[in-house]
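This report concerns only the one structure given below.
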Amino acid sequence: QPENLQKNWLREFYQVVHTHKPHFMALHCQEFGGKNYEASMSHVDKFVKELLSSDAMKDYNRARVYLDENYKSQEHFTALGSFYFLHESLKNIYQFDFKAKKYKKVTGKEIYSDTLESTPMLEKEKFPQDYFPECKWSRKGFIRTRWCITDCAFDLVNIHLFHDASNLIAWETSPSVYSGIRHKALGYVLDRIIDQRFEKVSYFVFGDFNFRLDAKAVVETLCAKATMQTIRAADTNEVVKLIFRESDNDRKVMLQLEKKLFDYFNQDVFRDNNGTALLEFDRELSVFKDRLYELDISFPPSYPYSEDSSQGKQYMNTRCPAWCDRILMSHSAKELILKSENDEKIVIYDHIGPNVCMGDHKPVFLSFRIAAGAGKPIANVHKCCVVQ
């Protein structure tokens, strides 16, 4: 229901813009055009036009939009979309030209699509096919842009990492084989953005990391007192389903697990207190604790929500809910974020549209103030907002 969903999505997005009134805003999207590109790219064009011309965004007089829409190029297509909006009050904003190795002043509104490979204002890469051989044609990769605002330079990296192809395989080991693939891909991106080709700057990496809870540990905790039944395919003897039943209580089914089924009898465990009890199983970022920082999560798992537009809070029974969508930063980027001098909460990390269907992922946003010159004593304060 793209027409219906887009209306909801934009309304909730504009509400966040109106509430936080950012001066600089980055919006990173993944899977642009959805699964059926040929049929859906017209919706993308409508979405972009609406964003650039809407009344809610009228004070943003400069914009840069980068859309990887060239789905015919298997070698390069990532389906990533990166939008950057600059408020009219912001003066002297520069964007880095990776070819010329210098900053250029940002004026006007520009849209780049199709062949982003020839655009010097960004770096785009798709992960090699052998990173995730289970997928015949993956779209996973990243887009990087570099900005300079009030003498403060930073990279913004739009990233999409590999998913879990099968719940049954994810459940076999701890950490899962998929977790290892994501680890390798994220390490590749971090190495790439701090290599020797350009001056090192602070960076923010945000997108769909596809981070999952440690499936083995979660199932063992949720079904601690259950007995497990294994169902195998008659012809291959391959495990196709696991059924966990309560030992007593009439052997009530607690959890059914298949390749693309995670049907737990009580969804409230993922929603109560924003799913905080499950955060201990969110372990994939710990490998990168020396390189990446994240603010405390205080919102429920961002995926997989029902795509039924009347079910804003309901999870689908396809995967174990997890915090797939994140905004991470280098430790030097953490130092750019202006700390609160009073009790005003000026750094906010949250999700958008808690009660509204926004698609299978809930967007996540980070709003903060940044000090001019990265914290020099007489800093002018500007407001910054990045949205995944």
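For Lys241, the lysines whose Cα falls under 17 Å of its own Cα, not counting residues fewer than eight places away in the same chain, are Lys216, Lys252, Lys259, Lys260.
The phi-based Karplus calculation (6.51 cos²θ - 1.76 cosθ + 1.60; θ = phi - 60°) puts the 3J(HN,Hα) values of the stretch 142-155 at 8, 10, 10, 10, 10, 10, 10, 10, 6, 6, 10, 9, 7, 9 Hz, whole numbers, x for Gly and Pro.
Each other residue within a Cβ distance under 11 Å of Thr173 adds +1 if Lys or Arg and -1 if Asp or Glu, for a net charge of -1.
Given a 1.4 angstrom probe, what's the average accessible area per residue across the chain, in square angstrom?
That works out to 46 Å² for each residue.
Measuring from a point 7 Å past the Cα of Ile231 along Cα-to-C-beta, which residues in the stretch 262-299 have an amide N at less than 13 Å? Counting only backbone N, you get 262-263.
Modelled this way, with points 7 Å down the Cα-to-C-beta line, the labels at Tyr94 and Ser166 are 5.3 nm from one another.
Centre-to-centre, using Cα atoms only, the stretch 159-186 and the stretch 34-66 are separated by 32 Å.
For the chain, list the DSSP H helices whose alpha carbon atoms reach 24 Å or more along the long axis and whose average Kyte-Doolittle value is -0.5 or above? Don't jump to the answer; show the numbers that get you there.
Details: long enough: 2-20 (27 Å, -1.13); 37-53 (25 Å, -0.16); 177-193 (25 Å, 0.18).
Counting only whole DSSP H runs, the qualifying helices are 37-53, 177-193.
Each of Ser298 and Gln267 was given a label point 7 Å from its Cα along the Cα-to-Cβ line. The distance between the two points is 2.5 nm.
Using a 1.4 Å probe and counting only protein heavy atoms, arrange Asp164, Asp272 so the residue with the most accessible area comes first. Mind dumping the intermediate values first?
Working: Asp164 10, Asp272 95 Å².
Sorted by accessible area, descending: Asp272, Asp164.
With contributions of -39500 (n - 2.57) from each DSSP H run of at least four residues, the per-residue ellipticity at 222 nm computed over the chain stands at -6000 deg cm²/dmol.
The peptide list 97-110, 56-69, 273-286, put in order of mean Cβ contacts within 10 Å with the highest first, becomes 56-69, 273-286, 97-110.
For the chain, a Gaussian network of Cα nodes joined below 10 Å ranks Pro321, Pro22, Pro133 by mean-square fluctuation, and the top entry is Pro133.
If a/c stays under 1.5 just call it rounded; otherwise compare a/b with b/c (prolate if a/b is bigger, oblate if not). Do that for the stretch 1-122, with a ≥ b ≥ c from the square roots of the Cα gyration tensor eigenvalues. List each step's numbers first, then the result.
Details: a/c = 2.46, a/b = 1.06, b/c = 2.32.
Oblate is the answer for the stretch 1-122, as a/c is 1.5 or above yet b/c matches or exceeds a/b.
Only protein heavy atoms count here; under a 1.4 Å probe, Asp296 has an accessible surface of about 130 Å².
Per-residue 3J(HN,Hα) values for the stretch 70-77, derived from phi via the Karplus relation 6.51 cos²θ - 1.76 cosθ + 1.60 with θ = phi - 60°, read 7, 6, 7, 9, 4, 5, 10, 5 Hz in sequence order (x marks Gly and Pro).
What a 1.4 Å probe finds exposed on the chain is 49% carbon and sulfur by accessible area, rounded to a whole percent. Give the label of the value calculated from the structure for Rg and Dmax of the Cα atoms in Å, choosing from (i) 27.8, 91; (ii) 21.6, 73; (iii) 26.4, 83. Label of the calculated value: (ii).
Run the numbers on the chain and let me know its relative contact order in percent, using alpha-carbon pairs under 8 Å that are six or more apart. Intermediate values should be presented prior to the final figure.
On the way: 790 pairs, mean separation 59.8, N = 388.
Over the chain, the number comes to 15 percent.
Summarised as an ellipsoid, the stretch 74-170 has semi-axes of 32, 14, 12 Å, derived from the eigenvalues of the Cα gyration tensor scaled by 5 and square-rooted, with the largest first.
Look at where the Cα atoms of the stretch 88-128 and of the stretch 286-363 average out, and the two centres are 26 Å apart.
The values are calculated or read from the model by the stated rules, or taken from the named source; none is laboratory data. Since this is a predicted model, take the numbers as computed values, not measurements. Ideal geometry is used to build each Cβ from the backbone, glycine not excepted, and the neighbour counts take in all protein chains shown. Accessible surface areas use protein heavy atoms only, side chains included; no ligands, DNA or RNA. Shrake-Rupley method; radii C 1.70, N 1.55, O 1.52, S 1.80 Å.
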